[in-house]
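Worksheet: one structure, shown below.
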Amino acid sequence: KAGVTQTPRYLIKTRGQQVTLSCSPISGHRSVSWYQQTPGQGLQFLFEYFSETQRNKGNFPGRFSGRQFSNSRSEMNVSTLELGDSALYLCASSPGDRRSSYEQYFGPGTRLTVT
Amino acid sequence: SQELEQSPQSLIVQEGKNLTINCTSSKTLYGLYWYKQKYGEGLIFLMMLQKGGEEKSHEKITAKLDEKKQQSSLHITASQPSHAGIYLCGVIPGGSNYKLTFGKGTLLTVNP
């Protein structure tokens, strides 16, 4: 099976702009979660989508949003970028339907730099 | 909210040496995961522990879950340069589904 893919891998944006990141989960997985990783805060949960619905949400401002399509692919959008949004954004896919078999498989990440 | 503390924060060992990384939770553990990350890359799933006393191994890496201590330990035997990276533990906090919380990670360097 192909792994989780994320595009683009690297991105440079300017403050005030918006950005859209894409994640394609493992075939058959219905859950996609997004995380932000920074040196100071570590890995923090943004949100999780399951069957096109946001099922869980972390403590991030409304500038961070996401969506999931019927093929389980997911996008996350950050509007009005701030310097502090510079981070590695990781997505993870999971079957998502049974907690006992819950495992998350991560993509390689998108490195976002805001200047 | 549940917090995970990993110790040590960083570790430098000589190739061939054994080492242990600990992950301690501030609340009851319902399930714990170990991941490895190469700098700037995605996380590689190592193993998941679900029950107190459970022990799992993956090649030369062994992890145990001590429910009473709310702690997990990850032990690497005869370390190799390929073991170098950041090791992260993660849990699903009780009462919230599929919302993985991570420790800050342990940076492991293995010198040849």
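The values are calculated or read from the model by the stated rules, or taken from the named source; none is laboratory data. Note that the coordinates shown come from a computational prediction; the quantities given were computed from them, not determined experimentally. Using ideal geometry, Cβ is built from the backbone for each residue, glycine included, and neighbour counts are taken over all protein chains shown.
Residue count for the range A:40-95 under the criterion of being facing chain B (nearest Cβ under 10 Å) and part of a loop (DSSP other than H, G, I, E, B): the result is 4. Could you identify the single residue in B:Leu32, B:Leu74, B:Leu49 that is touching a residue at least 40 places away in the same chain (Cβ under 8 Å), within 14 Å of chain A (Cβ to nearest Cβ) and not aromatic (Phe, Trp, Tyr)? One residue alone meets the criteria, B:Leu32.
One residue stands out among those in the range B:75-97 that are surrounded by 18 or more Cβ atoms within 10 Å (Cβ to Cβ) and at pLDDT below 90: the one that is farthest from the chain's Cα centre (by Cα), which is B:Pro93.
May I ask you to verify whether B:Gly42 is at pLDDT below 90 and buried (at least 19 other Cβ atoms within 10 Å of the Cβ)?
Numbers: at pLDDT below 90: yes; buried (at least 19 other Cβ atoms within 10 Å of the Cβ): yes.
Here the answer is yes, as B:Gly42 does meet what is asked.
Check the range B:33-46 and report whether any residue there is polar (S, T, N, Q) and under 12 Å from the mean Cα position of the chain (by Cα). Yes, some residue in the range B:33-46 is polar (S, T, N, Q) and under 12 Å from the mean Cα position of the chain (by Cα).
Evaluation of B:Tyr39 against the conditions (1) within 11 Å of chain A (Cβ to nearest Cβ); (2) part of a strand (DSSP E or B) shows that the sole unmet condition is (2).
Summed over the range A:61-76, residues that are out of contact with any Asp or Glu (no Cβ under 9 Å at 6 or more places or on another chain) and among the hydrophobic types (A, V, I, L, M, F, W, C) total 1. The set of residues from the range A:1-36 being crowded, with 16+ Cβ neighbours inside 10 Å, in a loop (DSSP other than H, G, I, E, B) and of a type outside the set (D, E, K, R) comprises A:Val4, A:Pro25, A:Ile26, A:His29.
For A:Val32, the stated conditions hold: it is hydrophobic (A, V, I, L, M, F, W, C) and within 14 Å of chain B (Cβ to nearest Cβ).
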